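The values are calculated or read from the model by the stated rules, or taken from the named source; none is laboratory data. Here the structure is a predicted model, which is why all the values come from computation and not from measurement. Ideal geometry is used to build each Cβ from the backbone, glycine not excepted, and the neighbour counts take in all protein chains shown. We work out accessible area using only protein heavy atoms, side chains counted, and drop any ligands, DNA or RNA first. Shrake-Rupley method; radii C 1.70, N 1.55, O 1.52, S 1.80 Å.
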Amino acid sequence: MYEKARKKMIEAHSGQVRKITGEAYFSHPLNVARILRRAGFSEEVVIAGLLHDAVEDTSMTNKDIRDMFGEKVADLVAAHTENKDLSWEERKAHTIEQVRTSTLEEKALIVADKLDNLSSVRYALSSEGDSVWNYFKRGYDKQKWYNEGIKNNMEYGLNPSETPPFFAEYARLVRWIFKR
């Protein structure tokens, strides 16, 4: 099922590129899935990592995902899909609240996504400096608010023993990028 999802994701994101690096967009969902797989999450969670942006950014629908990959994958993707009718601030506040109150699997999907995004920012900061913030419609201050909100809420309700190691990696990256 993973290979089918990988192929579908690459096809769905065909022609799209990453905002900062300009690389093929499908590299991002592949990285998110890799983070989740390395942390030991189930195949459904890893597949949701592959498809997490499909409903938001391609012609795929949640029904398509449900029909092809099942209820659990579709529910995880739906929980991660932003409502584009809301403002950026409303969408991000919703995600911060969601990472606070969600299941471990939903939290992991959100944090793995944000970890890969911030890894691109870190890379660009090393070569472009603070001009990297020009890639975003909401600059440094709003990105700081959002990422610190995720960091400060991601472990809420979890036992330390169930917290994936990449949560600590994300927290370190947020501190490094936004405390410069």
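Step by step: first the residues of the stretch 12-41, then only those that are part of a loop (DSSP other than H, G, I, E, B) and of a type in the set (D, E, K, R), then the one that is surrounded by the most Cβ atoms within 10 Å (Cβ to Cβ). Which residue is that?
Of all residues in the stretch 12-41, those part of a loop (DSSP other than H, G, I, E, B) come to 13-16, 18-23, 25-26, 39-41.
Pick out the ones that are also of a type in the set (D, E, K, R) and you get 18-19, 23.
Values: ARG18: 16, LYS19: 14, GLU23: 11.
Per the criteria, the residue is ARG18.
Would you tally the residues in the stretch 151-162 being open to solvent by less than 90 Å² (accessible area, probe 1.4 Å) and small (Gly, Ala, Ser)?
1
What is the one condition in (1) of a type outside the set (Lys, Arg); (2) modelled with pLDDT of 95 or more; (3) in a helix (DSSP H, G or I); (4) more than 24 Å from ILE47 (Cβ to Cβ) that TYR156 does not satisfy?
All conditions are met except number (3).
Looking at GLU148, GLU169, GLU128 in this structure, which one is in contact (Cβ under 8 Å) with a residue 40 or more places away in the chain and not polar (S, T, N, Q)?
GLU169
Every residue in the stretch 74-99 that is open to solvent by 30 Å² or more (accessible area, probe 1.4 Å) and either among the β-branched types (Val, Ile, Thr) or under 15 Å from TYR170 (Cα atoms) (or both), please.
Once the filter is applied, which keeps residues that are open to solvent by 30 Å² or more (accessible area, probe 1.4 Å) and either among the β-branched types (Val, Ile, Thr) or under 15 Å from TYR170 (Cα atoms) (or both), the stretch 74-99 yields only THR81.
Between ARG138, ARG122, ARG100, which is under 22 Å from GLU23 (Cβ atoms) and either not acidic (Asp, Glu) or not in a helix (DSSP H, G or I) (or both)?
Only one candidate qualifies: ARG122.
Does ALA74 satisfy the condition of being part of a helix (DSSP H, G or I) and under 13 Å from the mean Cα position of the chain (by Cα)?
no
For the stretch 118-150, give me the residue count where each residue is open to solvent by 50 Å² or more (accessible area, probe 1.4 Å) and either touching a Lys or Arg at 6+ places or on another chain (Cβ under 7 Å) or under 19 Å from VAL99 (Cα atoms) (or both).
Of the residues in the stretch 118-150, 4 are open to solvent by 50 Å² or more (accessible area, probe 1.4 Å) and either touching a Lys or Arg at 6+ places or on another chain (Cβ under 7 Å) or under 19 Å from VAL99 (Cα atoms) (or both).
Let me spell it out: the conditions are (1) part of a helix (DSSP H, G or I); (2) surrounded by fewer than 17 Cβ atoms within 10 Å (Cβ to Cβ); (3) small (Gly, Ala, Ser), and SER59 meets all of them except one. Which number is the exception?
(1)
Can you name every residue in the stretch 119-168 that is more than 15 Å from the chain's Cα centre (by Cα), of a type in the set (A, V, I, L, M, F, W, C) and closer than 21 Å to LEU36 by Cα?
If the condition is that a residue be more than 15 Å from the chain's Cα centre (by Cα), of a type in the set (A, V, I, L, M, F, W, C) and closer than 21 Å to LEU36 by Cα, then LEU158, ALA168 are the ones that fit.
Out of all the residues in the stretch 103-111, is one or more β-branched (Val, Ile, Thr) and in contact (Cβ under 8 Å) with a residue 60 or more places away in the chain?
Among the residues of the stretch 103-111, not one is β-branched (Val, Ile, Thr) and in contact (Cβ under 8 Å) with a residue 60 or more places away in the chain, which makes the answer no.
Go through (1) surrounded by 13 or more Cβ atoms within 10 Å (Cβ to Cβ); (2) within 30 Å of GLU44 (Cβ to Cβ) one by one and return the number of the condition ALA168 breaks.
For ALA168, the failing item is (1).
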